[in-house]
1. Of the residues in region 21-30, how many are within 11 Å of Leu164 (Cβ to Cβ) and either without any contact (Cβ under 8 Å) to a residue 12 or more places away in the chain or among the aromatic types (Phe, Trp, Tyr) (or both)?
2. Within region 52-62, can one find any residue that is part of a helix (DSSP H, G or I) and under 21 Å from Ala140 (Cβ atoms)?
3. Filter region 110-164 down to residues that are of a type in the set (Val, Ile, Thr) and surrounded by fewer than 20 Cβ atoms within 10 Å (Cβ to Cβ), then give me how many there are.
4. So if I check each of Met45, Met54, which one is surrounded by 19 or more Cβ atoms within 10 Å (Cβ to Cβ), modelled with pLDDT under 90 and more than 20 Å from the chain's Cα centre (by Cα)?
5. Got a sec? Which of Val59, Val22, Val97, Val66 is at negative phi, modelled with pLDDT of 80 or more and surrounded by 19 or more Cβ atoms within 10 Å (Cβ to Cβ)?
6. Filter region 19-35 down to the residues that are touching a helix residue (DSSP H, G or I) at 6+ places or on another chain (Cβ under 6 Å) and not β-branched (Val, Ile, Thr) and list them by number.
7. Can you tell me how many residues within region 69-82 are buried (at least 23 other Cβ atoms within 10 Å of the Cβ), among the small types (Gly, Ala, Ser) and touching a Cys at 6+ places or on another chain (Cβ under 9 Å)?
8. Write out, first by first residue and then by second, each pair whose Cβ atoms fall under 6 Å of each other, whose residues are 6+ apart or on separate chains, and whose first residue, in region 72-97, is within 12 Å of Ala161 (Cα to Cα) and in contact (Cβ under 8 Å) with a residue 60 or more places away in the chain while the second is of a type in the set (Gly, Ala, Ser) and surrounded by fewer than 24 Cβ atoms within 10 Å (Cβ to Cβ).
Amino acid sequence: MTTGEAPAPAAREAAGTAWFGVVVGLGAWGMFFASLAFSVGYLRMREPWPLAGMPPLPVILPAVGVLLLGTAGALLHVGGRGARVTLCLLGALGALVGSLAVQGFVLSTLWSAGLKLPQGGAYASAVYGLGALHGAHVAAGVVGLVRELVRGARGAEVRGAASLWALYGDFLAVTGLVLFAAVYLP
């Protein structure tokens, strides 16, 4: 297929099926994260947040992590449409790794400050459980972007994959924002 030609019907159908599958899958995960955020909200209504004697939660660093996730999603959208897909994938990969580093630093700092399991109860469980679950999803995004970069280096067209990963990047940013609001905001 030359530049400017419309993709074959089979290729368009496969791309549409992949998009639909990603949207349905992310919708299911989104509902799961929403239920966890509502559970934390319920806990926050029953007890003071943070619990007495527990270290207060930082706000600025987790906010930086969420901004990095939003940056990754934006770069993936640009990469799915533009000619510099490799550069956008690299930038998004860096943003995801940076978000993981921020999250790891925040959680290790809280652990060092005395927020431990099981002594911290539901408060510590919410912080570490949701942080670990979201971090695992960010790590999956890192692995996926590395895979696409390797495919691109081997000559494969990755613009369509970058568009699908952009949906995943949006999912990470939105769930990160919801979990930030549920856990870190006073």
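The values are calculated or read from the model by the stated rules, or taken from the named source; none is laboratory data. Every value quoted in this text rests on a predicted model; they were computed, and no experiment measured them. A quick note on method: Cβ atoms are made from the backbone with ideal geometry, for glycine too, and the neighbour counts reach across all protein chains shown.
1. Step one: filter region 21-30 for residues within 11 Å of Leu164 (Cβ to Cβ), giving 21-23, 25-26.
Now drop any that are not either without any contact (Cβ under 8 Å) to a residue 12 or more places away in the chain or among the aromatic types (Phe, Trp, Tyr) (or both), which leaves 21, 25.
Total meeting the criteria: 2.
2. Among the residues of region 52-62, at least one is part of a helix (DSSP H, G or I) and under 21 Å from Ala140 (Cβ atoms), which makes the answer yes.
3. So the first thing to find is which residues in region 110-164 are of a type in the set (Val, Ile, Thr), and the list is 127, 138, 142-143, 146, 150, 158.
Keeping just the survivors that are surrounded by fewer than 20 Cβ atoms within 10 Å (Cβ to Cβ) gives 142-143, 146, 150.
Residues flagged as of a type in the set (Val, Ile, Thr) and surrounded by fewer than 20 Cβ atoms within 10 Å (Cβ to Cβ) within region 110-164 amount to 4.
4. Of the residues listed, the single one that is surrounded by 19 or more Cβ atoms within 10 Å (Cβ to Cβ), modelled with pLDDT under 90 and more than 20 Å from the chain's Cα centre (by Cα) is Met54.
5. When all the criteria are applied, what remains is Val66.
6. First pass over region 19-35, keeping only residues touching a helix residue (DSSP H, G or I) at 6+ places or on another chain (Cβ under 6 Å): 22, 26, 33.
Once the filter is applied, which keeps residues that are touching a helix residue (DSSP H, G or I) at 6+ places or on another chain (Cβ under 6 Å) and not β-branched (Val, Ile, Thr), region 19-35 yields Leu26, Phe33.
7. Here the count works out to 1.
8. As it stands, the answer is Leu76/Ala166; His77/Ala166; Gly80/Ser163; Gly80/Ala166; Thr86/Gly152, since those pairs meet every condition given.
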